[in-house]
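Below is one structure, written out as structure tokens; comments come after it.
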Amino acid sequence: MRDVVTKRTRYPGPITEAKKHAHSLVDQGFATDEALAQVLHRYPAELFDINLYDYDDAGQVSLRTGARGNLSGDQLLAAIQAGRLWVNLRQAEQGCPGLWAAAMGEFARIQATYPGMRAVTNAGQLIISSPVARVPYHFDAAGVMLFHLRGRKRLFIYPGDEAHLPERAMEQVVARQTTEELPYTLAFEPDAQVMDLEPGEALTWPLYAPHRVDNLDKFCVSLSMDFQTWPTRFRNGALYTNAVIRSRGGRPRFTEGMTTPELAARWAASLALKRVGGLESRIAHFERDFEPEVGAQDGARALNA
Ligand SMILES: [Fe+2]
């Protein structure tokens, strides 16, 4: 089964399957309640994503989004621990520089175990989520190393073939015409590689592989580090250029069949397109539905109700 999944994954890069690695970030004290409350307290409000996910019987997700509000770090932590919230602190490289520096050391050590893997940029999010939170099926247009710090998570990692990861959907995500959610059906479930993560474990998977996450009834904290390599830069640029061509009525070839020089040319074209405005993002602005609140249902108080 695993072998079949590996072969069906397009552009996997040097990481051929999901694999765990040990890390020392928990032992270094970054994930205590005290440390987390401090991070939450001082983190810039504009770098918070606070999501509340609901799922129907067919596994289809609906999303409400929250604003940071005025809770202290301690109160925010309590609302997350008792609620049903998924809090994503963006730009962890700036927002929690101590944790980030330590994580970059761990990344370098793990990267060295993959011959040919060379990240050219790294960025990250600190994800602090309620015991019952679940992240829907999506892909990241990057490599990912997920450093798990608190609680238990179950990762479901799917093949990156056209059935599970349609290139047209990838184009829409890369060009920011939609959020990172992909078409999903319960019929994908037998195709998943399933990995449970404990504190002190990091997980990597093939570049672009679709995945989803269930927290296993415990408050969870993870640092999600994403990274670009030259091949992912070229691929993302080519996907962006394809999105622009498609928006103008063209029918571009899929990047899957392109050689490296062809991908590089389309990456260069994407830089020029972005300079002249390219495609306007459709996800820059949206209304917030709630603010975190200790003791409220789901840990959320509705706004404008
Ligand atoms: Fe992800």
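What is the sum of charges, Lys and Arg at +1 and Asp and Glu at -1, for the other residues whose Cβ falls under 12 Å from the Cβ of residue 65?
The answer is -1.
Across every pair of different alpha-carbon atoms, what Kirkwood hydrodynamic radius in Å does the chain reach?
20.1
Counting other beta carbons within 10 Å of each Cβ, put 118, 152, 10 in order, fewest first.
Listed from fewest to most nearby Cβ atoms, that is 118, 152, 10.
Under a Cβ-Cβ cut-off of 13 Å, what is the net charge of the residues other than residue 255 that fall near it, where Lys and Arg count +1 and Asp and Glu count -1?
Its environment carries a net charge of +2.
Divide, for region 1-140, the radius of gyration over alpha carbons by 2.2 N^0.38 Å, where N is the residue count.
1.22
Quote the relative contact order of region 146-301 in percent (integer), defining contacts as alpha-carbon pairs under 8 Å separated by 6+ residues.
For region 146-301, the relative contact order is 31 percent.
Can you tell me how region 80-171 classifies by the Cα gyration tensor, rounded, prolate or oblate, using a/c under 1.5 as the rounded cut?
oblate
How charged is the neighbourhood of residue 34? Take every other residue with its Cβ under 14 Å from the Cβ of residue 34, and add Lys/Arg as +1 and Asp/Glu as -1.
Overall, the nearby charge balance is 0.
Per the helix-only calculation at 222 nm, which mean residue ellipticity applies to the chain, given -39500 (n - 2.57) for every DSSP H run of n ≥ 4 and division by its residues, nearest 500 deg cm²/dmol?
Computed mean residue ellipticity for the chain: -8500 deg cm²/dmol.
Rule-based calculations on the coordinates, nothing more; no lab input. Please read all numbers here as calculations on a predicted model, not as lab measurements. Cβ coordinates were reconstructed from backbone atoms using ideal geometry, including for glycine residues, and neighbour counts include every protein chain displayed.
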